[in-house]
1. Straight-line reach from Lys142: which aspartates and glutamates fall under 16 Å, measuring Cα to Cα and dropping same-chain residues less than 8 apart?
2. If you place +1 on the Cβ of every Lys and Arg, -1 on the Cβ of every Asp and Glu, and leave all else neutral, what size is the dipole of the range 87-212 about its Cα centre, to the nearest 20 Debye?
3. For Lys104 and Lys26, what is the calculated FRET efficiency with R₀ set at 22 Å and r taken between the beta-carbons, to the nearest 0.05?
4. Which value, in Å² and to the nearest 10, is the accessible area of Met1 when all protein chains are kept and the probe is 1.4 Å?
5. So if each residue of separation counts as 0.36 nm, and I subtract the Cα-Cα distance between Lys83 and Asn155, what length gain in nm does that give?
6. Under 17 Å between alpha carbons, and skipping anything fewer than 8 positions from Lys2 in its own chain: which aspartates and glutamates qualify?
7. Which of Val162, Ala149, Leu112 sits closest to the plus end of the dipole of the range 111-162, meaning its Cα is farthest towards the positive end, when Lys and Arg get +1 and Asp and Glu get -1 on the C-beta?
8. In the structure displayed, which of Lys17/Lys107; Lys17/Lys121; Lys26/Lys210 lie more than 22 Å apart, Cα to Cα?
Amino acid sequence: MKVGLLTDNSLSDFRLKTIDPIINDKLFTVELVIIDDRPEKSLTEKLRSNIKRGRGAYIFILALKSILRRKNKAIQTKEYCQKNNIEFLETKAPYSREIASQIKLHKLDVLLLIGGHGIVKEPLLSAAPLGVLSYHHGDMRKYRGFPPALWELYNNETEMGVTVQILTAGLDCGIPIEEKTIEIHAADNLKTLTDRAFIESEGMMYAALKKL
């Protein structure tokens, strides 16, 4: 199966552990990595934008995201690709016709969303025959959007869901392929639960890919 990766300029420890079993399985060939090279907006720019839109709750979430950002060691995506002899494309227009053409030119069967790219939309959603696989850390049937674990803790849930899904149009919408339940402990806080959810879900993308 020919695989394409959608990511940004760096690969965290979680992202590497997601990719490595796929790279090392002869059933799969990572043919192309599409790097979203658009500059990320600063927290200040995001806050200003959402204040203008009157999105008060989202301002709180942005601030929380900044405070709780996972500080993992990361390597440059280009460096990883060069080390593993994988072709890559850097683009500031990930939804252009040129990118969709490259996906079809490489005859990719599926795309894996590893990072970047925002809310994935057309033409990427339908550029590969099997679609785009993506993580959702949270119960996709109840809690969509960022941040993972927040609403589960806020609502005193006893467990948290993690899903790998084939994306469809919309925010965290898709068809579940691989699902897992993470138990919430009495002593859990946002950091401990989020960290455990990421650790316990490292192999789910690989498992979902094997199902496809």
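1. Glu152, Glu157, Glu159, Asp172, Glu179
2. 480
3. My answer for the efficiency is 0.35.
4. Its accessible surface works out to 60 Å², give or take rounding.
5. Between Lys83 and Asn155, full extension yields 21.5 nm more.
6. Within the straight-line cut-off, Lys2 pairs with Asp20, Asp25, Glu31, Glu87, Asp109.
7. Selected residue: Leu112.
8. Long pairs (Cα-Cα over 22 Å): Lys17/Lys107; Lys17/Lys121.
The values are calculated or read from the model by the stated rules, or taken from the named source; none is laboratory data. The structure presented is a predicted model; accordingly, all values stated were derived computationally and were not measured. Note that each Cβ is placed from the backbone with ideal geometry, even for glycine, and that neighbours are counted across all protein chains shown. Areas reflect the complete protein model, heavy atoms only, side chains present, ligands, DNA and RNA absent. Shrake-Rupley method; radii C 1.70, N 1.55, O 1.52, S 1.80 Å.
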